[in-house]
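Take a look at the structure set out below.
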Amino acid sequence: MIKRSLLLPLLLVAGGLQAQDQAPDLAKAKMTAETVCAGCHGADGNSPISANPKIAGQHEEYLYKQLRAFKSWDGKTPERENPIMGAMVAGLEDADMKALATYFASQKLQPESAKNAATAQQGQDIWRAGIAAKGLPACAGCHGPTGAGMPVQYPRVAGQFVEYTEAQLKAFRDGVRKNDPNQMMQTIALKMTDAEIRAVSDYAAGLR
């Protein structure tokens, strides 16, 4: 009986310490964001440059997955080969990546806007219904009608830079980016023309 009464407090203490160890270090993440990440993504994740994505308000799980994909683990080739991001994440441990993902996910997105009224209808049609004749599925099927995405599986694309979304779709189509689950985005992008990619990227920028 005495042993059991002593064991319970010890288990509670151990559990508390474990939970404390797992809690993200948001103060460190904020410092990293303001020093390492700010030049490309902005200190709050609202990138000032269209070549770099806005990551403020992005799903935490998706951000963590992408950070891990840029790093070489155990000497293996990264899932996403990018010299700049590879250098940025080289010194980050797994816990650092989780904390950064939590930090940027908590920031408020300053969304972009659609720019081309001439392609708005085409972009909307592809987003909502795809192109049946080409076997192209609707973007909304995975990313949602408002582009909010789905945690873990699909990123938020609403309000993203037109240029960045366009570049990523082309990268999937050309086999430059390959870290999509089951080659889903590679398969989809292969069915799209440059004009269709541009139209849907522009439409997504205006979604809220």
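The values are calculated or read from the model by the stated rules, or taken from the named source; none is laboratory data. Quantities reported herein were computed from a predicted structural model and do not represent experimental measurements. We place every Cβ from the backbone using ideal geometry, glycine too, and count neighbours over all the protein chains shown. These area figures cover heavy atoms from the full protein model, side chains too; ligands, DNA and RNA do not enter into them. Shrake-Rupley method; radii C 1.70, N 1.55, O 1.52, S 1.80 Å.
Near the amide H of I131, within less than 5 Å, lie the amide hydrogens of L136, all on another chain or at least 5 residues away, with H placed in the peptide plane.
Each of G57, A43, L26 was scored by the projection of its Cα onto the charge dipole of the stretch 19-62, and the greatest displacement toward the positive side belongs to A43; charges sit on the C-beta of Lys, Arg, Asp and Glu. Overall, the chain carries a charge dipole of about 380 debye about its Cα centre when +1 sits on the Cβ of Lys and Arg and -1 on the Cβ of Asp and Glu, all other atoms neutral. Relative to the longest principal axis of the Cα atoms of the chain, helix 120-129 runs at roughly 60 degrees.
Among the listed pairs K134/K178; K28/K178; K65/K108; K65/K191; K54/K170, those whose Cα-Cα separation exceeds 29 Å are K28/K178. Between the Cα long axis of helix 94-105 and the first principal axis of the chain there is an angle of about 50°, rounded to the nearest 10.
Comparing mean-square fluctuations of L67, L92, L109 from a GNM of the chain with C-alpha springs under 10 Å, the top value falls on L92.
Average accessible surface for the chain: 57 Å² per residue, computed with a 1.4 Å probe over protein heavy atoms with every protein chain in place. With semi-axes defined as the square roots of five times the eigenvalues of the C-alpha gyration tensor, the equivalent ellipsoid of the chain measures 37, 19, 17 Å, largest first.
If the Kirkwood radius is taken over C-alpha pairs of the stretch 16-139, then at 4 °C and 1.567 mPa s the Stokes-Einstein diffusion coefficient equals 78 µm²/s. Of all aspartates and glutamates in the structure, those lying under 16 Å Cα to Cα from K115, and not within fewer than 8 positions of it along the same chain, are E163, E166, E196, D202. Can you list the residues of the stretch 86-114 with backbone N under 14 Å from a point 7 Å past the Cα of L26, pointing along Cα to Cβ? Only 99-108 fall inside the zone, counting backbone N under 14 Å. Selection among P151, G86, A167 by position relative to the dipole of the chain gives P151 as farthest towards the positive end (Cβ unit charges, Cα centre).
Within 13 Å, Cβ to Cβ, of A132, how many net charges do the neighbouring residues add up to if Lys/Arg are +1 and Asp/Glu are -1? The partial results should precede the final answer.
Details: positive: R128, K134, K191; negative: D125.
Neighbour charge sum, excluding A132 itself: +2.
Relative to the longest principal axis of the chain, what angle (0 to 90°, nearest 10) does the C-alpha long axis of helix 2-22 take? Once rounded, the angle reads 30 degrees.
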